[in-house]
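The values are calculated or read from the model by the stated rules, or taken from the named source; none is laboratory data. Keep in mind the model is a prediction, meaning the values are calculated, not measured. Using ideal geometry, Cβ is built from the backbone for each residue, glycine included, and neighbour counts are taken over all protein chains shown.
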Amino acid sequence: MRRGYFKSFGFRLNLWYGAVFSVTTGILLFLFYWMLEQAVLQKDVQALQMQIRDYSRLYRDQGLPGLDRWIQERKAAGELQSFFVRITSSEGREVFLAASENWLKSESFQWGSLVFKARELLRIPESEEKDLILMESEFWNGQRLMVGRRTDNQELWLKPFRKIFIGGMVPVVLMGFVGGGFLVKRSLDPLRRISATVQTIIDTGKLDRRVDLPRTEGELTQLARQFNQMLEQNQHLINSMRESLDNVAHDLRTPLTRLRNAAEAALHDPQASEGVASEALADCIEESEKLLTMLQSLMSIAEAEAGVMKLNRVSTDMGELLQEASDLYEQVAEDKAIVIQLDIKPRVIAMVDPHHLRLVLANLLDNAIKYSEEGSRVLLGVEPQGDEVLVKVSDQGVGILPSDLGKIWDRLYRADKSRSQRGLGLGLSLVKAIVEAHHGRVEVSSQPNRGSVFKVYLPTYLPAGLNPSGELKD
């Protein structure tokens, strides 16, 4: 047996199952035995009650002579093999007695001690196999009638059943523990598979291991399935993190190299004028700003994806936010002869964080202008759609290749057409992260050389169970 098995959850569960099964079965057998005993007793009681009714009717209708005559006739005919009939006055004096020989010869039968004390049935052992039973009733005139009959010994009759019940408990207990062990083993099989998979991942460090799901369905099978889904997500996040780190290292190398070259050029040129030194410092500041922007964007994306981004949701007019974004990029658009066209429905309200939504609109509008041809148009629109608000940003630019549509949301991903443009490849990742932090969604459709359309869906009301900061309510 495996070491530590007696301390395991499976052993305790098996022990509890076997104990509960055995106790329950024992209670059921006890109840069955008690019902059988009561049935035997009730049979004797009903027979005596019937005799009491017959004797009472005869005594009422024909008196003592008629009762005695009826008993003697039945005795002579052999219908009464064992009987006892006794009538006493209200003072306890015997008025009438008729009994068969087995009653009168019984050593256990003591006339002086034959007293009923609120007892329905009196049982007198006659032998190992037979009992004498008595029952008493009161007449209308105060006299008391006592009748008796001979019956099988109740204990002798019930003894085989007790042996069967007691003997049957042994295999029942064994079956309870063996069956419990089988059921526990089958029930806990998904947990053992999860444990084995976790141990394999710990030992090998390979995140591609998955739990083999059992064929049966149940809560633990569902847990194993969800555990596999969690492993899939963790593997995806770790791979994404590795790719992001590789991309960050690659993208940081260029600005850091420029930063160092500018500083070294200024330091190694003793004849450098003040203007050259100022230009070198300006280059250093510019490259530093790029690095800070990249790191800040990466931190914001990580916070949003981890669900810890602090949001200050307030009732916001989305039309005003679009107007601000249009005014901010108006000069940039004019430099390329691009027209920013607004299509804003009045009073479109949503529960959003205005600061973060300005970042979303700025990134989408910046991309639209950046990849649009001179003399084209960029459309900004907002409209209500049920419980959501739709923000649309469309352009007439170079578009996105179908093979790149699923990748544009990845961190630091830049398609071939965008590598000639300024940027870090984090804008759309930040857009997606902020929108999903608001419990919204973002979609894109595009045709190469014909433009792209970005659609942002935001909830009109605060999602149930959340406070304005995006945290769960207490």
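Considering only segment 36-61, how many residues are more than 60 Å from the chain's Cα centre (by Cα) and among the charged types (D, E, K, R)?
Looking only at that region, the number is 5.
Go through segment 351-380 and report how many residues are assigned to a strand (DSSP E or B) and modelled with pLDDT under 90.
3
Out of 235, 229, report the one residue that is under 28 Å from residue 426 (Cα atoms), surrounded by 12 or more Cβ atoms within 10 Å (Cβ to Cβ) and either at pLDDT 75 or above or in the same structural domain as residue 356 (by TED's automatic domain parsing) (or both).
Of the residues listed, the single one that is under 28 Å from residue 426 (Cα atoms), surrounded by 12 or more Cβ atoms within 10 Å (Cβ to Cβ) and either at pLDDT 75 or above or in the same structural domain as residue 356 (by TED's automatic domain parsing) (or both) is 235.
Applying the selection to segment 208-224, what residues are over 11 Å from residue 193 (Cβ atoms) and not in a loop (DSSP other than H, G, I, E, B)?
Passing the criteria: 219, 222.
Does residue 88 satisfy being surrounded by 15 or more Cβ atoms within 10 Å (Cβ to Cβ), at pLDDT 80 or above and assigned by TED's automatic domain parsing to the domain that holds residue 50?
yes
Taking residue 48, is it in contact with a Gly (Cβ under 8 Å, 6 or more places away or on another chain) and either hydrophobic (A, V, I, L, M, F, W, C) or closer than 23 Å to residue 152 by Cα (or both)?
Yes; evaluated as a whole, the condition is true for this residue.
Could you give me the residue pairs with C-beta distances under 7 Å whose first residue belongs to segment 14-39 and is assigned by TED's automatic domain parsing to the domain that holds residue 167 and farther than 21 Å from residue 162 by Cα, whose second residue is in a helix (DSSP H, G or I) and of a type in the set (Phe, Trp, Tyr) wherever it lies, and which are 6+ apart or on separate chains?
14/177; 18/177
What number goes with the only condition from (1) surrounded by 20 or more Cβ atoms within 10 Å (Cβ to Cβ); (2) part of a strand (DSSP E or B) that residue 383 does not pass?
Condition (1) is where residue 383 drops out.
Okay, residues lined up against (1) modelled with pLDDT under 75; (2) touching a helix residue (DSSP H, G or I) at 6+ places or on another chain (Cβ under 6 Å); (3) assigned to a strand (DSSP E or B); (4) surrounded by 10 or more Cβ atoms within 10 Å (Cβ to Cβ):
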residue	(1), (2), (3), (4)
58	no, yes, no, yes
107	yes, no, no, no
134	no, no, yes, yes
140	no, no, no, no
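If you scan segment 17-32, which residues turn out to be aromatic (Phe, Trp, Tyr) and modelled with pLDDT under 80?
Correct list: 17, 21.
Report yes if residue 291 is at pLDDT below 85, surrounded by fewer than 19 Cβ atoms within 10 Å (Cβ to Cβ) and under 47 Å from the mean Cα position of the chain (by Cα), otherwise no.
It is true that residue 291 is at pLDDT below 85, surrounded by fewer than 19 Cβ atoms within 10 Å (Cβ to Cβ) and under 47 Å from the mean Cα position of the chain (by Cα).
Can you give me the number of residues within segment 17-48 that are surrounded by fewer than 16 Cβ atoms within 10 Å (Cβ to Cβ) and touching a strand residue (DSSP E or B) at 6+ places or on another chain (Cβ under 8 Å)?
Final tally of qualifying residues: 2.
Just to be sure, is residue 302 of a type outside the set (Asp, Glu), modelled with pLDDT of 85 or more and either surrounded by fewer than 18 Cβ atoms within 10 Å (Cβ to Cβ) or over 38 Å from the mean Cα position of the chain (by Cα) (or both)?
Spelling it out, it is not the case that residue 302 is of a type outside the set (Asp, Glu), modelled with pLDDT of 85 or more and either surrounded by fewer than 18 Cβ atoms within 10 Å (Cβ to Cβ) or over 38 Å from the mean Cα position of the chain (by Cα) (or both).
Considering each of 166, 201 in turn, give the residue that is surrounded by fewer than 13 Cβ atoms within 10 Å (Cβ to Cβ) and either under 17 Å from residue 229 (Cα atoms) or out of contact with any Asp or Glu (no Cβ under 6 Å at 6 or more places or on another chain) (or both).
Just a single option satisfies the conditions, and that option is 166.
For segment 181-190, what are the residues that are part of a helix (DSSP H, G or I) and either surrounded by 15 or more Cβ atoms within 10 Å (Cβ to Cβ) or among the aromatic types (Phe, Trp, Tyr) (or both)?
181, 182, 184, 187, 189, 190
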